[in-house]
Amino acid sequence: MMRRLFLVVWLMASAMPALAFQPPAAQSEYVPVKDLPPVDQLPAAPLLVAAYSFIWLAAMFYLWTIWRRLGKVETDMRALEQRRSPSRR
Amino acid sequence: MFLRTALLVLRKDFAIEVKSREILYTTLLFALSCVLVFSIAFVKEGEPLEDAAAGILWIAIEFAGTLALGRTFERERYGETLRALLLAPAPRAAIYVGKMLGIVVLLAVCELLLVPLVALLFRSRLFEEPVLLLALLLTGTVGFAVVGSLFAAMLVRARTRDVMLPILLYPMTVPLMIGGVRGTVALTQTPVDQPSAIMWIVLLLCMDAVFLVLALWTFEPLMTE
Amino acid sequence: MRKAFFPLLLVTSAMFAYAPVVIAHADYESTMGLVQKVMYFHAPSGMVMLISAVVCGVASALYLWKKDPAADRVAIAAAELAALFGLIVLVTGPLWARKAWGVWWVWEARLTMSFVGWLITVGYLFVRKYGGPGSDKLAAGLAVFGTANVPFIYVSVNIWRTMHPMTTVVPTLQPGMRGAFWFSALTLFMLYGLLLAARVHLERQRTALDQLYLAEED
């Protein structure tokens, strides 16, 4: 009984912050401005750098997958060769 | 000989289907369920979104068509009749055309019900230019059936055929869908945009021709195994 | 031929590393400023993707009709590279578009058709991987159909005047930009050639391995 009461009180207490943090009052009117302040303009450099790095990473990743697969195939080939040569002798 | 074989294959499929009507009824019901789901997504406060009817119609045709394709060829695979068909001394391409015509007829029957229903449910003035609408539906459906029948036949023996068919079919039929939807939208404008609709019909016709030629060329080497 | 691979790879990597310097010295474009420089990689990647798709289509057609296994090896290599460069195009494009057009993506002719083309390429790779027996023929058929898509992509921007720059931009590049563009294009073409050669080599080794397995069973 006490445990249940404690649970109810705890739940209500957790709801308090949700009730307290209401959204601020909405804007009542718009104010036009001629040019976007520099802080709001999208910087182009990060996009450019991201594009360039992506190409590097993609190409290297692909080369690495070819390397890996080639390694597996060559290991299998060597294993097969070894299996065949003892029996030939 | 070619046309006779194709029509024979068509008659065979028709005869089987008329007996049970299984694929027809289930495809129709699936199309209706699609329309229902779209109505929930594209209707706002009881009013359908502008031009939504065109998109809904063609998506329902595409989804229902994919199912019908899968089921038709599954039936062939189950009865092992595909091998029998391929062993028959008939030109392979004719068999393909026969199956393709079967799909066209099936989808046409579905569209007979679907188009008035969509027009009704989404309050769309689809029937302003019935001849142009018919031409649009015909070219679009034939194009879809051409590509779909080839892919479904190719995939009949693949392990993951059920999921591979949509994966392969949907990107390939995007040009057809674009043509169909934009043509239908042109037909539902308040003064009907005839030149646009006719342009889309001609474009669809060209795409159908290209796809049909490619399909006839590739069916033979693809099915030799 | 094989000995030339690693030196060429080094040269290409060096060119690729040097490319930003070349690009930085190129003229700025008047309306788009710095971000337009993505074009120096985006446009050649698009060219490579289309070329690779056509190579795949032609090789697939050869495989379907002439049953040449070497053609099949080239086809799968070209498909993987078309998917790779297609991904590069589809990622660098939106990065450019975000600044130039204000949006990441817009459903207009060339973007849509490029995306569709990329999906078809990925579908080809899926069929090869998960299709089961006979999937190589199946995939070849798909590739033949997909190649018919390529002219649509190239021509789409000229027919439907939309936001995407038209194909006439490249031949009419001003001298200040031309050098950088063709340097980047050359780098990417060389990269493509090298990756294609490497991939075909892998496929050839796989075929050899399969034959060894078969010989062992006999």
Exercise. Residue check, C:THR207 against (1) modelled with pLDDT of 90 or more; (2) more than 16 Å from the chain's Cα centre (by Cα); (3) more than 30 Å from B:THR218 (Cβ to Cβ), all met but one. Which one?
Worked result: (3)
Exercise. So C:VAL103 fits all but one of (1) in a helix (DSSP H, G or I); (2) modelled with pLDDT of 85 or more; (3) β-branched (Val, Ile, Thr); what number is the exception?
Worked result: (1)
Problem set entry | In the stretch C:122-139, the residues that are over 17 Å from C:ALA71 (Cβ atoms) and either facing chain B (nearest Cβ under 9 Å) or acidic (Asp, Glu) (or both) | C:VAL122, C:GLY123, C:PHE126, C:TYR130, C:GLY131, C:GLY132, C:PRO133
Seminar exercise, completed: B:GLY148: passes all of (1) farther than 16 Å from B:THR218 by Cα; (2) in contact with a Gly (Cβ under 7 Å, 6 or more places away or on another chain); (3) more than 8 Å from chain C (Cβ to nearest Cβ) but (1)
For this session: Go through the stretch B:182-191 and count every residue that is surrounded by 16 or more Cβ atoms within 10 Å (Cβ to Cβ) and either more than 18 Å from the chain's Cα centre (by Cα) or within 12 Å of chain C (Cβ to nearest Cβ) (or both).
Result: 5
Exercise. Between residues in the stretch A:53-65 that are buried (at least 16 other Cβ atoms within 10 Å of the Cβ) and residues that are not acidic (Asp, Glu), which pairs lie under 6 Å by C-beta distance while being six or more apart or on different chains?
Worked result: A:PHE54/C:VAL91; A:ILE55/C:PHE41; A:ILE55/C:ILE88; A:ALA58/C:ILE88; A:TYR62/C:LEU84
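Picking from B:LEU107, B:LEU168, B:LEU134, which residue would you name as being assigned to a helix (DSSP H, G or I) and surrounded by fewer than 22 Cβ atoms within 10 Å (Cβ to Cβ)?
Values: B:LEU107 fails: surrounded by fewer than 22 Cβ atoms within 10 Å (Cβ to Cβ); B:LEU168 fails: surrounded by fewer than 22 Cβ atoms within 10 Å (Cβ to Cβ).
The conditions single out B:LEU134.
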Problem set entry | Residue check, C:GLY146 at the interface with chain B (Cβ under 9 Å from one of its Cβ atoms), out of contact with any Leu (no Cβ under 7 Å at 6 or more places or on another chain) and at pLDDT 75 or above | yes
Problem set entry | Selected residue (only one of B:THR188, B:THR184 is among the hydroxyl-bearing types (Ser, Thr, Tyr) and in contact with a Ser or Thr (Cβ under 7 Å, 6 or more places away or on another chain)) | B:THR188
Exercise. Which one of these is out of contact with any strand residue (DSSP E or B) (no Cβ under 7 Å at 6 or more places or on another chain) and more than 16 Å from B:LEU212 (Cβ to Cβ): B:GLY102, B:GLY140, B:GLY98, B:GLY79?
Worked result: B:GLY79
Exercise. Give me the pairs: first residue in the stretch B:1-29 and among the hydroxyl-bearing types (Ser, Thr, Tyr), second residue at pLDDT 85 or above and surrounded by 10 or more Cβ atoms within 10 Å (Cβ to Cβ), beta-carbon distance under 7 Å, and six or more apart or on different chains, which are they?
Worked result: B:THR5/B:ALA94; B:THR5/B:ILE95; B:THR5/B:GLY98; B:THR27/B:ALA64; B:THR27/B:LEU67; B:THR27/B:ALA68; B:THR27/B:LEU106; B:THR27/B:CYS110
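The values are calculated or read from the model by the stated rules, or taken from the named source; none is laboratory data. Note that the structure is predicted; figures quoted are calculated from it, not measured. Methodologically, a virtual Cβ is constructed for each residue, glycine included, from the backbone with ideal geometry; neighbour enumeration extends over all protein chains shown.
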